[in-house]
Amino acid sequence: MSDIREEIEKRRTFAIISHPDAGKTTLTEKFLLYSGTINTAGSVKGKATAKHAVSDWMEIEKQRGISVTSSALQFEYDGCVANLLDTPGHQDFSEDTYRTLMAADSAVMVIDGGKGVEPQTRKLFKVCAMRHIPIFTFINKMDRDALDTFDILDDIEKNLGVATCPVNWPIGSGKNFRGIYDRQLKDVLTYSETLKGTKEGVENRIPVSDRSALSSAIGEEATEKLMGEVELIDGAAESFDLEEVKAGMLTPVFFGSALQNFGVEIFMHEFLKMAPAPEARKSDMGLIDPYSSDFSAFVFKIQANMNKAHRDRIAFMRICSGKFRSDMNVKHVQSGRVARLSQPQQIMADDRKTLDEAYAGDIMGVIDPGIYAIGDTFCMPKDKYQYEGIPTFAPEHFARVRQVDTMKREKFVKGITQIAQEGAIQIFREIGTGMEEIICGVVGVLQFDVLKFRLENEYNVEIILEQLPYEHIRWVKEWNGDVKEIVGTSDMKRIEDLKGNPLLIFVNEWSVGMVLDRNKGLELAEFSR
Ligand code: GDP
């Protein structure tokens with residue numbers, strides 16, 4: 001048992017949240033570089049020109065030169081086993097991005113120092129905040145002109161509603177970037193253009209007590225300014241409280257440049273030290289302790305047709321407790337089926353590795369015989385609990401879907417329902433109508449293309465998509481009466497999901513408030529459980 005404890009305690013399962021172009025791919029690459037997982041920069045998937053090592057599973061990814069799916073990378077550093085969940089962030093932003101955060105124990109928030117908090121970061125942050133997981137902030141691109149440091153912190157606090165605690169402090173930015181001040185060690189790690197591209201770790205720390213050495217290294221003016229700012233932050237900034245960090249109420253903030261390898265190692269080291277190992281997870285029979293319980297896991301993503309020749313579906317699961325061995329029988333709780341998991345794999349940077357064993361915190365992919373769904377629980381045959389489901393995230397784009405050839409109705413319904421079950425899209429219908437016409441909702445617009453492409457390629461059904469102007473969706477949580485009696489606004493539409501739950505969709509966000517005002521006793525929710 002003790003080796004299980006030791007292994008689980010080493011696990012750090014996290015995701016990186018950021019707005020496109022803030023530097024997530026560059027930072028990931030540096031993590032892998034420092035941990036010795038890769039030898040050269042440029043091997044992590046990312047831009048159209050980069051090698052699509054991780055996830056060019058679907059044909060559409062090759063055509064578009066982007067990655068539609070997400071997976072996890074494992075690397076070791078500082079005695080920790082890090083499981084980095086890949087959260088798609090460009091046009092391929094989708095519900096999967098949100099769901100992946102359900103499998104993370106902490107998050108790294110990368111912010112472009114020149115831009116501050118951007119919309120996508122805000123959306124992803126909201127999901128992390130809902131789960132109360134710790135968030136560690138890396139302010140990137142300090143080698144470029146950045147906003148005033150106090151303004152950046154203020155922006156995070158006001159925009160995201162989380163307190164900040166700078167762990168280090170930048171000295172200038174852009175052409176005047178001189179380094180970072182370590183608030184704990186009270187010394188300065190100097191930055192120089194000559195270190196460009198080299199690995200960190202060069203001894204260039206100067207204690208602030210050695211004023212003359214400091215001022216000759218970074219200049220008198222920068223030294224003066226730094227001393228003034230240090231006095232200010234020591235007096236005004238939140239004091240560091242690890243418990244608040246763990247509760248997601250305080251975010252430790254670090255500065256650096258992922259591209260120039262500056263501040264990254266310090267960040268990695270401190271982040272892995274503070275980030276939590278797997279903790280107990282809620283089930284319908286109470287909390288399940290990762291250490292004292294046997295194997296259990298839940299499915300957070302299902303990916304279809306990764307291998308065209310086999311037409312297989314891969315279910316990605318996050319192990320929540322105990323140790324997994326590939327030769328053991330486990331129970332799929334929702335179907336009651338007990339069996340060995342089919343071809344458990346870890347998806348690595350450029351290959352799939354068969355897994356013989358894995359521990360709480362690890363992510364694995366298994367072949368789905370067609371009965372697994374997002375949120376499903378796996379545990380030992382003797383156990384009888386199931387984990388809390390994954391919320392359905394509000395789609396932000398809607399389209400009416402029609403089939404071109406109405407003779408293929410059955411195929412159309414089958415195809416669209418299966419794709420919806422995988423969770424790539426959500427489907428709705430106007431209240432009281434059948435399946436002839438479906439309203440499809442997605443988190444990222446690219447999912448519309450994926451839907452069209454997959455229906456044509458996998459089900460041989462051609463569709464017409466007509467985008468609708470709605471952007472805001474609310475589930476009707478509480479209403480005494482018929483949904484038709486809700487007094488609406490001109491930009492509102494009543495729909496229902498496949499389970500028959502009524503919803504309202506709106507073009508304008510302010511209409512949501514108006515409808516609430518007009519209907520006493522009406523309660524609306526942004527997520528559906
Ligand atoms: P992602 O979209 O968040 O994954 O961002 P990338 O890592 O692909 O970075 C976007 C662009 O910003 C690329 O051209 C990077 O080379 C550049 N970049 C990333 N980090 C830094 C940095 O620290 N400094 C500078 N100057 N550029 C950076």
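Test of understanding: among Ile416, Ile367, Ile439, which residue is assigned to a helix (DSSP H, G or I), out of contact with any Gly (no Cβ under 7 Å at 6 or more places or on another chain), open to solvent by less than 50 Å² (accessible area, probe 1.4 Å) and β-branched (Val, Ile, Thr)? Walk me through how you get there before you give the answer.
Details: Ile367 fails: assigned to a helix (DSSP H, G or I); Ile439 fails: assigned to a helix (DSSP H, G or I).
One residue alone meets the criteria, Ile416.
Which one of Phe125, Phe75, Phe150 is open to solvent by 50 Å² or more (accessible area, probe 1.4 Å), aromatic (Phe, Trp, Tyr) and either farther than 16 Å from His19 by Cα or touching a residue at least 40 places away in the same chain (Cβ under 8 Å) (or both)?
Phe150
Could you check how many residues of the stretch 335-386 are β-branched (Val, Ile, Thr), out of contact with any helix residue (DSSP H, G or I) (no Cβ under 9 Å at 6 or more places or on another chain) and at pLDDT 90 or above?
Quick first cut of the stretch 335-386, residues β-branched (Val, Ile, Thr) only: 338, 347, 354, 363, 366-367, 371, 374, 377.
Next cut, out of contact with any helix residue (DSSP H, G or I) (no Cβ under 9 Å at 6 or more places or on another chain) only: 338, 347, 354, 366-367, 371, 377.
The next check asks that each one be at pLDDT 90 or above; those that pass are 338, 377.
Here the count works out to 2.
Any idea which of Ser71, Ser106 is at pLDDT 75 or above and hydroxyl-bearing (Ser, Thr, Tyr)? Reasoning before the result, please.
Values: Ser71 fails: at pLDDT 75 or above.
Checking each option against the conditions leaves just Ser106.
Residues being outside any loop (DSSP other than H, G, I, E, B) and buried (at least 18 other Cβ atoms within 10 Å of the Cβ): count how many of those fall in the stretch 370-407. Show your work before the answer.
Of the stretch 370-407, the ones outside any loop (DSSP other than H, G, I, E, B) are 377-379, 387, 392, 397-403, 406-407.
So of that shortlist, the ones also buried (at least 18 other Cβ atoms within 10 Å of the Cβ) come out as 377-379, 387, 392, 397-399, 401, 403.
Of the residues in that region, 10 qualify.
Among the residues that make up the stretch 40-56, is at least one of them more than 16 Å from the ligand (Cβ to nearest atom) and modelled with pLDDT under 85?
As a first pass, look at the stretch 40-56 and keep what is more than 16 Å from the ligand (Cβ to nearest atom): 56.
From what is left, the residues that are modelled with pLDDT under 85 are 56.
Checked the stretch 40-56: at least one residue is more than 16 Å from the ligand (Cβ to nearest atom) and modelled with pLDDT under 85.
For Val245, are the conditions met, namely being assigned to a helix (DSSP H, G or I) and either out of contact with any Lys or Arg (no Cβ under 6 Å at 6 or more places or on another chain) or buried (at least 22 other Cβ atoms within 10 Å of the Cβ) (or both)? Even if it seems obvious, please write down each step before you answer.
On the way: assigned to a helix (DSSP H, G or I): yes; either out of contact with any Lys or Arg (no Cβ under 6 Å at 6 or more places or on another chain) or buried (at least 22 other Cβ atoms within 10 Å of the Cβ) (or both): yes.
Spelling it out, Val245 is indeed assigned to a helix (DSSP H, G or I) and either out of contact with any Lys or Arg (no Cβ under 6 Å at 6 or more places or on another chain) or buried (at least 22 other Cβ atoms within 10 Å of the Cβ) (or both).
Go through the stretch 1-18 and give me each residue that's surrounded by fewer than 21 Cβ atoms within 10 Å (Cβ to Cβ) and either within 8 Å of the ligand (Cβ to nearest atom) or among the aliphatic types (A, V, I, L, M) (or both).
Taking the stretch 1-18 and keeping what is surrounded by fewer than 21 Cβ atoms within 10 Å (Cβ to Cβ), we get 1-7, 9-10.
Once the filter is applied, which keeps residues that are surrounded by fewer than 21 Cβ atoms within 10 Å (Cβ to Cβ) and either within 8 Å of the ligand (Cβ to nearest atom) or among the aliphatic types (A, V, I, L, M) (or both), the stretch 1-18 yields Met1, Ile4.
Sort through Ala237, Ala217, Ala213, Ala222 and tell me the only one that's touching a strand residue (DSSP E or B) at 6+ places or on another chain (Cβ under 8 Å), open to solvent by 20 Å² or more (accessible area, probe 1.4 Å) and free of Cβ contacts under 8 Å to residues at least 24 places away in the same chain.
Working: Ala237 fails: free of Cβ contacts under 8 Å to residues at least 24 places away in the same chain; Ala217 fails: free of Cβ contacts under 8 Å to residues at least 24 places away in the same chain; Ala222 fails: free of Cβ contacts under 8 Å to residues at least 24 places away in the same chain.
Criteria check complete, one pass: Ala213.
Looking only at the stretch 238-276, which residues are within 12 Å of the ligand (Cβ to nearest atom) and hydroxyl-bearing (Ser, Thr, Tyr)?
Listed by number, the list holds a single entry, Ser257.
Which one of these is part of a loop (DSSP other than H, G, I, E, B) and open to solvent by less than 40 Å² (accessible area, probe 1.4 Å): Val461, Val476, Val487, Val450? So that I can check it myself, show each step before the final result.
Working: Val476 fails: part of a loop (DSSP other than H, G, I, E, B); Val487 fails: open to solvent by less than 40 Å² (accessible area, probe 1.4 Å); Val450 fails: part of a loop (DSSP other than H, G, I, E, B).
Exactly one of Val461, Val476, Val487, Val450 is part of a loop (DSSP other than H, G, I, E, B) and open to solvent by less than 40 Å² (accessible area, probe 1.4 Å), namely Val461.
Considering only the stretch 94-119, state which residues are within 11 Å of the ligand (Cβ to nearest atom) and either buried (at least 24 other Cβ atoms within 10 Å of the Cβ) or within 20 Å of Ile133 (Cβ to Cβ) (or both).
Val110, Ile111, Gly113
Out of all the residues in the stretch 259-272, is one or more closer than 30 Å to Ala358 by Cβ, at pLDDT 95 or above and not in a helix (DSSP H, G or I)?
no
The values are calculated or read from the model by the stated rules, or taken from the named source; none is laboratory data. Computed from a predicted model, the values in this text were never measured in an experiment. In this analysis, Cβ positions are derived from the backbone assuming ideal geometry, glycine residues included, and neighbour counts consider all displayed protein chains. The area values use the complete protein model at the heavy-atom level, side chains included, leaving out ligands, DNA and RNA. Shrake-Rupley method; radii C 1.70, N 1.55, O 1.52, S 1.80 Å.
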